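One structure is given here, and the rest of the page talks about it.
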Amino acid sequence: KAGVTQTPRYLIKTRGQQVTLSCSPISGHRSVSWYQQTPGQGLQFLFEYFSETQRNKGNFPGRFSGRQFSNSRSEMNVSTLELGDSALYLCASSLESGYTDTQYFGPGTRLTVL
Amino acid sequence: QKEVEQDPGPLSVPEGAIVSLNCTYSNSAFQYFMWYRQYSRKGPELLMYTYSSGNKEDGRFTAQVDKSSKYISLFIRDSQPSDSATYLCAMSDGGTYKYIFGTGTRLKVLA
């Protein structure tokens, strides 16, 4: 079974631009979560989608948004990019939406904001 | 103060050593505890999952949870160079958020 895929793997943007990242979960998984990983803060939860509905949201500004499609694929959008948004963005999928459900992570998208 | 604290390392050990990785936390509501391993340029992969207090063993890996001290540990026996990675602890209270992660400890096992 194919793992979680994320595109693109690397991205360079400038301040003020916006960016869209894509995540394809493992086949059959309905929950997709997004995380931001930086050296200083570690992994921080952005949001979770389940059956096209946002279930949970972390403490990030409204510039960060997402959506999930009927095939469970998810996109994350960051508008008005700031230098501090440079990070590895990880997507994780799980069968259901539950804290006991194993999350499988993708390889991430490395975003650099100049 | 962060909810989850983890020594960033790097921790360098010789091959065959017993490795101890630790996390402390402040939220007494946490009851689900996980350890992830992350290789360079890869996403984290789940190593161990523990509910509440106690020990759990899986091959060379042992996870320990001490809720009274708000302290969790991952022990790696007979460490191998292939164990060189960043180890992340994660925990959840089963409530709104999925998991709260530590910042990770970089481990280097020297051949």
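The set of residues from the stretch A:62-105 being of a type in the set (Gly, Ala, Ser) and more than 20 Å from A:ARG9 (Cα to Cα) comprises A:GLY62, A:SER70, A:SER94, A:SER97, A:GLY98. Identification of strands (runs of 3 or more DSSP E) wholly contained in the stretch A:12-114 with 3 or more residues that are in contact with a Ser or Thr (Cβ under 6 Å, 6 or more places away or on another chain) and open to solvent by less than 30 Å² (accessible area, probe 1.4 Å) yields A:19-24, A:42-50, A:87-94.
Taking into account only those residues within the stretch A:53-78 that are within 15 Å of A:GLN36 (Cβ to Cβ) and of a type in the set (S, T, N, Q), which is modelled with the lowest pLDDT? Out of the qualifying residues, it is A:ASN56.
Within the stretch A:40-61, the only residue that satisfies the criterion of being within 7 Å of another protein chain (Cβ to nearest Cβ), free of Cβ contacts under 8 Å to residues at least 40 places away in the same chain and hydrophobic (A, V, I, L, M, F, W, C) is A:PHE45.
State the number of residues belonging to the stretch A:29-42 that are modelled with pLDDT of 90 or more and not hydroxyl-bearing (Ser, Thr, Tyr). Break it down into steps so the answer makes sense when it comes.
If we filter the stretch A:29-42 for residues that are modelled with pLDDT of 90 or more, which is where we start, we get A:29-38.
When the remaining residues are screened for being not hydroxyl-bearing (Ser, Thr, Tyr), the result is A:29-30, A:32, A:34, A:36-37.
Residues flagged as modelled with pLDDT of 90 or more and not hydroxyl-bearing (Ser, Thr, Tyr) within the stretch A:29-42 amount to 6.
For the stretch A:85-105, enumerate the residues that are modelled with pLDDT of 95 or more and within 14 Å of chain B (Cβ to nearest Cβ).
Restricting attention to the stretch A:85-105, the residues satisfying the condition of being modelled with pLDDT of 95 or more are A:85-91.
Those that are modelled with pLDDT of 95 or more and within 14 Å of chain B (Cβ to nearest Cβ): A:ALA87, A:LEU88, A:TYR89, A:LEU90, A:CYS91.
Find the strands (runs of 3 or more DSSP E) located wholly in the stretch B:4-111 whose residues include 2 or more that are open to solvent by less than 40 Å² (accessible area, probe 1.4 Å) and over 23 Å from A:GLN37 (Cβ atoms), and list them. Let's see the steps before the verdict.
Numbers: elements: B:4-6, B:11-14, B:19-25, B:32-38, B:45-51, B:54-58, B:61-66, B:71-76, B:85-92, B:105-110.
Strands (runs of 3 or more DSSP E) meeting the threshold: B:61-66.
Inspection of the stretch A:62-84 identifies at least one residue that is within 24 Å of B:ARG106 (Cβ to Cβ), away from chain B (no Cβ under 13 Å) and without any contact (Cβ under 8 Å) to a residue 40 or more places away in the chain.
The values are calculated or read from the model by the stated rules, or taken from the named source; none is laboratory data. What you are looking at is a predicted structure, and each value in this text was computed from that prediction instead of being measured. All Cβ positions, glycine included, derive from the backbone under ideal geometry; neighbour counts span all protein chains shown. These area figures cover heavy atoms from the full protein model, side chains too; ligands, DNA and RNA do not enter into them. Shrake-Rupley method; radii C 1.70, N 1.55, O 1.52, S 1.80 Å.
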